[in-house]
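K.L.:
Have a look at the structure that comes next, please.
The values are calculated or read from the model by the stated rules, or taken from the named source; none is laboratory data. What you see is a predicted model, and the numbers here were worked out from it, not measured in a lab. Virtual Cβ from ideal backbone geometry, glycine too; neighbours counted across all protein chains shown. Ligands, DNA and RNA are stripped out before the accessible areas are found, and what is left, the full protein with its side chains, is counted by its heavy atoms. Shrake-Rupley method; radii C 1.70, N 1.55, O 1.52, S 1.80 Å.
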Amino acid sequence: MSKKIQAIRGMKDLLPKDSTLWLQVEQTIGTLFSAYGYKNIRTPMIEKTSTFCRAIGEVTDIVGKEMYSWQDTNAESISLRPEGTAGCVRAMIEHNLPREGLQKVFYLGAMFRRERPQKGRYRQFHQAGVEVFGSNNAKSDAELIMMSHSLWNELGLKNLHLEINTLGSEAARANYKGILVDYFNQHKNQLDKDSLERLAANPLRILDSKNAKLQNLINTAPKLIDYIDKESVEHFDEFKTYLKYLNIPYQINPRLVRGLDYYNRTVFEWTTPDLGTQETICAGGRYDGLVEKMGGKPTPAAGFAIGLERLILLLGAQNITLINKPPLSIYLAVLGDEAQLKSMQIFTKLRRALPGVILYNDINLGSFKSQFKKANKVGADFALILGTEELNNKQVSIKPLKRQGEQQSMTLDKAIDYFKSIL
Ligand code: HAM
């Protein structure tokens, strides 16, 4: 017997029963981001591996362990994108966009990381992200928080907590790194295998460790905030003042360092206790040095990305239903060869006259009885009937399927007026 056909581990189908909610969430996000003056950008799903290595950092988990990479036929290594920022930065530089002034972009799309799959963590997942290029002002960081916060409000989400931190300038962080390495070297015997690896490659990430046995050691480690440069401290203070004026509560988490190397100054995460271990719904921060590092003109930048699977899981966990009133739906039931042809014109006319109404064209044919059965199955409110009699009388008939009422015949224009009157 042949093996059962299956999707790749960690990659999920979005089935028709769930896709309405996804479309609605994506539309809400697109509308909201556009309302803040952000424009959609679509970069390729595959980039040169070097683009991700340079942007995200060679020694991060994402680049070191989780990327889907392979040699292209020209022997160049290419990778499926593990996140959206690197591609946006590459596109900004390639098309010289920051030269034209402030750039605010948003994207929605699939990302790929070979992580250990579990609830809320997949190997193909989707992010909705925004990036702003050309402002180093703390007001721009605050706008990112304001936008994400208004999305939670729009969707009716509760129980989301904002954690913030500042990583300071690159120089201040490099200095702190040295101090941290000295500290952990003094306590090397207490470190686990993972942290020993991080000590050599990326010591700040030890602060991120979830190992309970390390928490004491981490808590007493030197704090980055004590080594931050003056300008970054001021920037962070301004950011916090904006948050105060926005009335958005936050918690400073000095251990928030993020798993990608490009950040400086502000970093933040929105977390929730309602999703189990995969608690971060949205994360981001400032990355002022990245455009230059990747070959562009110095351009300050900041952004965030929301994990859409987690957002949808959270809507479910908080029993939030977005679909209030389903749109009116009409099933066009047709019998007879000539009526079949004519029905295509009627369908087109209805489509134009009744935007937003769901129209079902019967494409399997069959008796009226079987067509009404199908209409009931898809949950149509009305059947619009076109048989020989209607065709001869230049009329259509309306049959209510969910509400009381007799079947009635009338001209197509009258039928359209009728549907408009009940919309
Ligand atoms: P990130 O923290 O790696 O940041 O990912 C952002 C969000 O994507 C996470 O908070 C989570 O909700 C979701 N996510 C990440 N990995 C997975 C996964 N394996 N399965 C499901 N969801 C996942 C970034 O990607 C940055 N590019 C964000 C950013 C934009 N920073 C500045 N601009």
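K.L.:
From Cα coordinates alone, what are the radius of gyration and Dmax values for the range 102-226 in angstrom?
P.N.:
According to the Cα coordinates of the range 102-226, Rg and Dmax are 18.4, 49 Å.
K.L.:
Counting residues in the range 155-258 as N, plug N into 2.2 N^0.38 Å and put the Cα Rg over that result. List each step's numbers first, then the result.
P.N.:
Details: Rg = 15.7 Å, N = 104, 2.2 N^0.38 = 12.8 Å.
Normalised by 2.2 N^0.38 Å, the Cα Rg of the range 155-258 equals 1.22.
K.L.:
Enter the accessible area per residue of the range 1-111 (Å², integer; probe 1.4 Å; all protein chains in place). Intermediate results must be reported in sequence, preceding the final value.
P.N.:
Details: 6660 Å² over 111 residues.
Averaged over the residues of the range 1-111, the accessible area is 60 Å².
K.L.:
Quick one: what do you get for the range 237-386 if you divide its Cα Rg by 2.2 N^0.38 Å? Don't skip to the end; give the middle numbers.
P.N.:
Working: Rg = 26.7 Å, N = 150, 2.2 N^0.38 = 14.8 Å.
After normalising by residue count via 2.2 N^0.38 Å, the value is 1.81.
K.L.:
I would also like to ask the following. When only alpha-carbon atoms are used, what values of Rg and Dmax, in angstrom, describe the range 345-423?
P.N.:
Calculated on Cα positions, Rg and Dmax stand at 12.1, 31 Å.
K.L.:
In deg cm²/dmol, rounded to 500, what helix-only [θ] at 222 nm does the chain give when every DSSP H run of at least 4 residues adds -39500 (n - 2.57) and the total is split over its residues? The partial results should precede the final answer.
P.N.:
Details: 14 runs with 161 residues, N = 423.
That calculation yields -11500 deg cm²/dmol at 222 nm.
K.L.:
Name the shape class, rounded, prolate or oblate, that the alpha-carbon gyration tensor gives for the range 226-281, where a ≥ b ≥ c are the square roots of its eigenvalues, rounded holds for a/c under 1.5, and otherwise prolate holds if a/b is larger than b/c and oblate otherwise. Can you show the working numbers first?
P.N.:
Details: a/c = 2.64, a/b = 1.35, b/c = 1.96.
It comes out oblate by the Cα gyration axes.
K.L.:
Relative contact order (percent) for the chain, with alpha-carbon contacts under 8 angstrom and 6 or more residues of separation? Intermediate results must be reported in sequence, preceding the final value.
P.N.:
Details: 677 pairs, mean separation 62.5, N = 423.
Relative contact order for the chain comes out at 15 percent.
K.L.:
With the other protein chains left in place, how much accessible area per residue, in square angstrom, belongs to the range 323-405 at a 1.4 angstrom probe? The partial results should precede the final answer.
P.N.:
On the way: 5010 Å² over 83 residues.
Result: 60 Å² of accessible area for each residue.
K.L.:
Using all Cα-Cα distances in the range 188-234, what percent lands in each 10 angstrom bin from 0 up to the longest?
P.N.:
24, 47, 21, 7
K.L.:
Carbon and sulfur: what percent of the range 95-240's accessible surface (1.4 Å probe)?
P.N.:
C and S fraction of accessible area: 47 percent.
K.L.:
Cβ neighbours within 10 Å, averaged per peptide: list 112-125, 346-359 in order, most packed at the top.
P.N.:
Values: 112-125: 16.7, 346-359: 14.4.
Top of the packing list down: 112-125, 346-359.
K.L.:
Could you sort out which of K240/K297; K65/K213; K3/K119; K48/K240; K4/K119; K48/K104 sit more than 31 Å apart by Cα distance in this structure? Can you show the working numbers first?
P.N.:
Working: K240/K297 29 Å; K65/K213 24 Å; K3/K119 26 Å; K48/K240 38 Å; K4/K119 23 Å; K48/K104 24 Å.
Where the Cα-Cα span goes over 31 Å, the pairs concerned are K48/K240.
K.L.:
Sticking with this structure for a sec: One quarter of the convex hull surface, Cα atoms only: what value does that give for the range 12-87 in nm²?
P.N.:
Values: hull surface 28.5 nm².
One quarter of the hull surface, i.e. the mean projection, equals 7.1 nm².
K.L.:
Give me the percent of accessible area attributable to carbon and sulfur for the range 5-82, probe 1.4 angstrom. Before the final figure, lay out each step's value.
P.N.:
Values: 2670 of 4830 Å².
Looking at the range 5-82 in its full context, I get 55 percent from C and S.
K.L.:
Also, I was wondering about something else. If the viscosity is 0.692 mPa s and the temperature 37 °C, what translational diffusion coefficient in µm²/s does Stokes-Einstein give for the chain when Rh comes from Kirkwood over Cα pairs?
P.N.:
My calculation gives 131 µm²/s for D.
K.L.:
Which three extents, in whole angstrom, do the alpha-carbon atoms of the range 71-137 cover along their principal axes, largest first?
P.N.:
The Cα atoms of the range 71-137 stretch 40, 36, 17 Å along their principal axes.
K.L.:
Further question on the same structure: On the accessible surface of the range 262-331, probed at 1.4 Å, how many percent belong to carbon and sulfur atoms? Provide the component values of the computation, followed by the final result.
P.N.:
Working: 1340 of 2540 Å².
Here carbon and sulfur together make up 53 percent of the probe-accessible area.
K.L.:
Leaving out ligands and nucleic acids, and using a 1.4 Å probe, what accessible area per residue does the range 233-272 come to in Å²? Mind dumping the intermediate values first?
P.N.:
Values: 1890 Å² over 40 residues.
Value for the range 233-272: 47 Å² per residue.
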